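Undergrad: A single structure is presented below for examination.
What follows is calculated from the coordinates using simple rules that are stated; it is not laboratory data. Nothing here was measured: the structure is a model prediction, and the numbers come from that model. Positions of Cβ are backbone-derived with ideal geometry, glycine not excepted, and every protein chain shown enters the neighbour counts.
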Amino acid sequence: MTTKLTQLLQIKYPIIQAPMFLVSNVAMVTEAMKSGIAGCIPALNYRTLDELRDAIRALKENKVEGGSFGFNLIVNKSNVKYKGQLEVICEEGCDFIITSLGNPQDTINQAHAVGIKVFCDVTDLHFAKKVENLGADAAIAVNNEAGGHRGNLSPQELIKQLTQHISIPVISAGGVGCKADIDKMLGYGAEGVSVGSPFIASIEAGVTDDYKQACVDYNANDIVMTERISGTPCTVINTPYVQKIGTKATWLERMLNKNKKLKKWVKMIRFSIGMKATENAAKKATYKTVWVAGPSIEHTKEILPVRDIVALLT
């Protein structure tokens, strides 16, 4: 299967195993590469730059022909680790970087200088045009079926809007849980897809068996939006605990968010608290189950090795 994405990354299938906070790891991406797709890990999954460097070196050792690996960078000012992460990635090398939540100009400049491709998350045509003008190699079109922080437009509407008005490849993110979904996205005009939630229930994923099993037991109708993790609406599985704490920001957060001077700090505090709760739920046995996932878990029927999940997608 040849598309602009397979040509860009020299992979067999036009699929990126999406970067997932707390979930993605070296083992998952290694198996993704062996299966002929690309794999990506959030740089924030590593607490220190030395850990990030070790992960890059391990992936370089594990790389095989037909596979590709990259890292996701949060490129806004709230990520105080960003500059150091970008420096390490450019020093050690990888195939691509996916940028999120900010201006990717520095990333594009530094990555291109060492031969690393840069794909940028976008949710609409306005930002897609911006990243194209900045020199991005592709746009990751985050639609309203994506897991985590999603866009507002349907896959079909967003892909067609972008392919008609930008010239760089469009990679669709969201709403892919089986081969038929991939065929549909390519039919809309995408050059590839970014797939996340189906890989949560992989043997290699670094989360609890309870989290993995939840992706099997729950379905698309059980995915809800919550403001209780990062302050920005995020999709989670509607567990009893999520139902108990609710999905809306507290009255105090809503009030403080109206103050322009305090809004930034409120979001940072909420993000810190929410991320810690999510980490505990993902990594430990706890009743406080805040599990991030998207509606594509509808097609997840059992916990499988990454290679078997890729086989079902291709």
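Undergrad: Sorted from fewest to most neighbouring beta carbons within 10 Å, what does the list Y218, Y211 look like? Walk me through the numbers on the way to the answer.
TA: On the way: Y218 18, Y211 22.
Ordered by Cβ neighbours within 10 Å, fewest first: Y218, Y211.
Undergrad: Okay, next question. Enumerate the calculated ³J(HN,Hα) couplings along the range 51-60 in order (Karplus 6.51 cos²θ - 1.76 cosθ + 1.60, θ = phi - 60°), each rounded to whole Hz, writing x wherever the residue is Gly or Pro.
TA: For the range 51-60, the Karplus-derived couplings read 5, 4, 4, 4, 5, 4, 5, 5, 5, 5 Hz, x marking Gly and Pro.
Undergrad: For the chain, give the share of DSSP beta bridges that are antiparallel, in percent and rounded to the nearest 5; count only bridges with both residues there. Mind dumping the intermediate values first?
TA: Values: 5 of 37 bridges.
Of the beta bridges lying entirely in the chain, close to 15 percent run antiparallel.
Undergrad: Suppose every K and R has +1 on its Cβ and every D and E has -1 on its Cβ; what is the size of the dipole of the chain about the Cα centre, in Debye to the nearest 20?
TA: Values: 36 positive and 31 negative charges, 274 e Å.
In debye, rounded to 20, the chain gives about 1320.
Undergrad: Here's something else I'd like to know. Going down the list K63/K179; K34/K81; K212/K244; K81/K130; K130/K160; K81/K117, which pairs span over 19 Å between their C-alpha atoms?
TA: Numbers: K63/K179 25 Å; K34/K81 30 Å; K212/K244 21 Å; K81/K130 24 Å; K130/K160 17 Å; K81/K117 21 Å.
Beyond 19 Å between Cα atoms: K63/K179; K34/K81; K212/K244; K81/K130; K81/K117.
Undergrad: Now, a different point. Size of the dipole of the range 1-98 about the Cα centre, Lys and Arg at +1 and Asp and Glu at -1 on the beta carbon, nothing else charged, in debye to 20? Each step should come with its number before you reach the end.
TA: On the way: 11 positive and 10 negative charges, 51 e Å.
For this selection, approximately 240 debye.
Undergrad: Can you find, among C120, G187, V80, the residue farthest towards the positive end of the dipole of the chain? Put +1 on the C-beta of Lys and Arg, -1 on that of Asp and Glu.
TA: V80
Undergrad: Along each principal axis of its Cα atoms, how long is the range 2-100 end to end? Whole angstroms, biggest number first, please.
TA: 38, 24, 24
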